[in-house]
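Okay, so here's the structure we're looking at.
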Ligand SMILES: Nc1ncnc2c1ncn2[C@@H]1O[C@H](COP(=O)(O)OP(=O)(O)OP(=O)(O)O)[C@@H](O)[C@H]1O
Ligand SMILES: [Mg+2]
């Protein structure tokens, strides 16, 4: 133990000096500033935690540094916004999505089909390409004619910014009616289905070594039928569903938006893992390139679909009131007025940002903790983080666990995005800075440790917010009359410095396992 | 002797042809726009001057990527703070020329010293942290450096977040009117350092660096003080990156704080991955592809360029699994297999 | 005769938390002997080796080599003192050729490690030594193959070659035959014995194959639960009641 101190004298001393400064500075704050800063720190910490924990689960089990995690967080925010502000768009998208996916569930059927086809060798070479080409052409032909209500980036009155603003004012537009453009609905739906079938069949033909499924049971068709059914139902009841969502209380709608964002994140994660990440387990460094590439693609897609300008997402009405009784002085008056702010110890606290988000952060923390500690999957994950080869040797289907963990990790990130959207606002750059914060948090807490992710995120959130606050009030240096005012760049520097010092003392972070 | 040198030429025929082509490039471009070689020589051709500029940028980027390949590809140290090596060279050059009006030789000496100091700084943490933790610590150090040059307190020297503007470049190498000379200077620096690197990886020292990449514990047990070798690689790399920084500051004559950013390190990483990790020549090819791709896409596609770039990276990873040079050497371009990999998803 | 002792440990211990892997081991190894260490799985043999070679820092005790204290020396100094070590779990450079693996091993003691302007393939002494060793361990045909493509038995030979190349005085061999096909084992042990005899070397050998241990070694130390249970010539060990009841009886058939 004493050798530990001797070896790390310099970083430890620095750390102690920093802590003293930090606490001394906190002395100079009045209690209302203190409360607000504390809660803001918790809020930032909670959002960071949602990104960091998923990142850490993925890194721990799969050894993949998912640098697209920040972008996925951002995508979560935009999906959440879409469902919340433009439910009609969301409903319109369901049918084409279900149809497009349906073909890919028939993978057991395709080998049989390709066996039936007798073709010359050269034709066999061409066939998959031809199918994919036809599928793509058909897609380009059909999709623009399929009615999807949306927004218009070039027209300010119809831009996401405007829709956001109107939703915030409580006026939800009746959806602009869009109609099939020179195509009959049946043809459009059939076309989309054909796109999916041809495309997936074409892709499956590349795979000569495909497992021949000897028997086709009802299972081979089940998911196809279900997806088809969903596609049709959402098509037939499109208007009803839209009106239902529009008529819904905004709180419920927000809830739905968060759930949808989380689930689509999980789906996206599973898809990513199965198609792109899985081939790369043997070449870890190229995962970096892949995830960087995906991240760039993601940002571009977001820019193309939702535009470059930043906009805000309205808060659910429960947290958006500003009546005469606001700011609320206690929770019962808050409940009556649905105030957006509440007075705590004299400080004016935003309920959504600084109370709800930390609470949800803690709830997720507990839920995932239970998942890890109490379920079989959690057991596999924990064992796999410790020693992946061992778990593989035990014959456990680690692959499935990989997919699930990736889905879970991305789901957590998109959940964070949707939750943070009303407090942070939506911008194309929101993912990048958060990914960096999450990385720092993980390095501080321990890269593969779940409690470490929580602790690190908390520290990062608190330090950032306190530094911002100090920037306004200044840090009076003990025993002198000097007052130090951290300039804005010091805020990111403070967490980075803390990370470097902690890593030099404890290379595995505060709670990381020792080598 | 005669025989030996002729076989040397034969073995490296492609490289020599490429080198000659690069030397002649400005003149050939000049012919296309109707400027005679003499006019190109006098820096009069418009398009050829532009091509020279693009070439210079590629050389600088190649130098920078080469230095990253040495520590990452050859020695196996994953650093996320490499941009700092470059930025120190660039900023130091800019400040020394602009604020202190030092002669160029003094600037080079100064940058040399600074590059050794920062390699030692990285070396300080080297024995303590390994793998991804080293990457994070270097990221941290580079971020702190980034923040320092961005801070308004040093604004009068560094230009804070606007960057260092108007570096005063010695006239004999001023890229505005002596661009062809600059082109050849940059090319010569690149070729010399590339040859040095080739020699380095095949030297006793370089072989140990490769051994460290493959299995550091074993290299230690064989009797190598791996720390010293890693430090040596870091120093050479740091100096190379800083030289690239000098050229950058002279060529641009603006140094933006972006060159100290994480994304500039990622640029080096991407270039090395595109070219092939640990191949050295891959860094050169990768730099050319990266810069030309960037230029071409921005010019002809505009706003959505980074979508295509992203898609190209993904395609690279799937179809050219070990980078261009690496895959070429392994003779395993995997077009069909790339698809099959994607499809492995359908086999559960 | 203390000069006769080349390596000595004094009360060497290693604790992993509550587990005492090596418990107060005092051992003397005579110069030019083939000293075997045996013991059941988990007895602490590998840990003991790790302490000797500096891979682990002892919790207590000392390692004396030729009269000077080696405790706490960094790993990479060991070969410079003349102590080489091989690993129970194959530890090679998987993506380098067999030749390069051994060349690196023989380069380590040369003076030109930092001459980065030289071409490594022109170092003739090193090159010659490498071929010598490759021939000795019988990997000449596979010299240009990547180490990871070798069958396991050949990888063990390579591992042995890597410790022979710098020609150390003391060889610490941790189960050099682990996982080898049974018919290859006597061949390899004969080689080890030959190297030890002709080169005047000291070999400390951990080995599970009792028959071989009994036939090749000069002296045997039996470890059990981190402690030295017995020490003596093969005949003494075979006759030792304690060893037989406590350990050998149930596990190995002795036919000396
Ligand atoms: N790094 C370590 N951390 C914790 N415990 C360890 C470590 N290394 C070894 N041990 C424990 O120390 C004990 C001795 O292990 P060691 O590998 O030295 O045995 P061994 O005699 O070499 O066995 P084998 O015949 O299987 O090679 C074992 O119980 C092992 O689990
Ligand atoms: Mg052992």
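Just a few scattered comments:
- The Cα atoms of the protein assembly as shown cover 101, 89, 83 Å along the three principal axes, with the biggest extent listed first.
- Cα-based Kirkwood hydrodynamic radius, chain A, one decimal, Å: 25.6
- Taking packing as the residue-averaged number of other Cβ atoms within 10 angstrom, the listed peptides A:404-414, C:5-15 run from highest to lowest as A:404-414, C:5-15.
- Size of segment C:134-256 from its Cα atoms: along the principal axes, largest to smallest, the extents are 50, 29, 26 Å.
- Secondary-structure-derived ellipticity at 222 nm for chain B, considering helices only, amounts to -24000 deg cm²/dmol, per-run term -39500 (n - 2.57) for DSSP H runs with n ≥ 4.
- Legend: Rg and Dmax of segment C:52-112, from Cα coordinates, 13.9, 40 Å.
- For segment B:86-240, the convex hull spanned by the alpha carbon atoms encloses 128 Å³ per residue.
- Whole-Å distance, taken between Cα centres, linking segment A:363-436 and segment C:84-139: 45
- Centroid-to-centroid separation of segment A:285-309 and segment A:250-265 [C-alpha atoms, Å]: 23
- Solvent-free Debye scattering, log10 I(q)/I(0), computed from the Cα coordinates of chain C at q = 0.13 Å⁻¹: -0.84
- The modelled label-to-label distance for the pair residue A:23/residue C:124, using points 7 Å beyond Cα in the direction of Cβ, is 7.0 nm.
- Taking a ≥ b ≥ c as the square roots of the eigenvalues of the Cα gyration tensor, segment B:275-318 is classed as oblate, since a/c reaches at least 1.5 and a/b does not exceed b/c.
- Principal-axis analysis of the Cα atoms of chain C puts helix C:98-107 at an angle of about 80° to the longest axis.
- Computed over the alpha-carbon pairs of segment A:205-356, the distance histogram in 10 Å steps reads 8, 19, 25, 23, 16, 7, 3, 0 percent, short to long.
- Take each peptide in A:50-61, A:25-36, count the other Cβ atoms within 10 Å of every residue, and average; sorted highest first, the result is A:50-61, A:25-36.
- When shorter helices are ignored and each DSSP H run of at least 4 residues is given -39500 (n - 2.57), the per-residue value for chain C at 222 nm works out to -8500 deg cm²/dmol.
- Sorted from greatest to least, the principal axis extents spanned by the alpha carbons of segment A:268-425 come out as 64, 42, 21 Å.
- Each residue of chain B gets 187 Å³ once the volume of the Cα convex hull is shared out per residue.
- Tensor-based shape of segment C:67-202 (alpha-carbon gyration tensor, a/c under 1.5 rounded, otherwise prolate or oblate): oblate
- Per-residue mean of foreign Cβ neighbours for A:499-509 is 5 (Cβ atoms of other chains, 10 Å radius).
- Segment B:2-346: relative contact order in percent, alpha carbon pairs under 8 Å with at least 6 residues between: 27
- Between 0 and 90°, nearest 10: helix C:124-136 axis offset from chain C longest Cα axis: 50
- Computed over segment C:4-46, Kirkwood Rh from alpha-carbon pairs, angstrom: 11.7
- Neighbouring partner chain Cβ atoms per residue of B:205-216, average, 10 Å criterion: 5
- Compared with the alpha-carbon gap, the fully stretched path from residue A:317 to residue A:433 is longer by 38.9 nm at 0.36 nm per residue.
- Gaussian network model of chain B, Cα within-10 Å springs - most flexible of B:106, B:96, B:211: B:106
- Average beta-carbon neighbours from other chains, 10 Å sphere, peptide B:310-316: 6
- The C-alpha atoms of chain C define a longest principal axis, and helix C:152-164 lies at about 80 degrees to it.
- For chain B, built as a Gaussian network whose Cα springs stay under 10 Å, the top-fluctuating residue of B:217, B:140, B:159: B:217
- Computed from the C-beta positions of residue A:165 and residue B:36 and an R0 of 51 Å, the FRET efficiency is 0.25 to the nearest 0.05.
- Estimated D of segment C:181-224 in µm² per second, where Rh is the Kirkwood radius over Cα pairs and Stokes-Einstein applies at 10 °C, 1.306 mPa s: 141
- Semi-axes of the equivalent ellipsoid of segment C:15-70 are 20, 15, 9 Å, computed as sqrt(5λ) over the eigenvalues of the C-alpha gyration tensor in descending order.
- Of all DSSP-defined beta bridges confined to the protein assembly as shown, some 60% are antiparallel rather than parallel.
- Summarising the strand pairing of chain A, around 80 percent of its internal DSSP beta bridges are antiparallel.
- All Cα-Cα separations within segment C:91-167 were binned at 5 Å from zero, giving a P(r) of 3, 18, 31, 23, 15, 8, 2, 0, each value a whole percent of the pairs.
- Averaging Cα coordinates gives a centre for segment B:13-29 and one for segment C:159-200; these two points are 55 Å apart.
- Peptides B:203-210, B:309-316 ordered by average Cβ neighbours within 10 Å, highest first: B:203-210, B:309-316
- Mean sequence separation of contacting Cα pairs (under 8 Å, at least six apart), scaled by the length of segment B:27-69, corresponds to a relative contact order of 28 percent.
Throughout, read-outs are computed from the coordinates displayed, never taken from laboratory work. Treat the numbers as computed from the prediction; the structure is a model and nothing was measured. For neighbour counting, all protein chains shown are included, and Cβ atoms are generated from backbone atoms with ideal geometry for every residue, glycine included.
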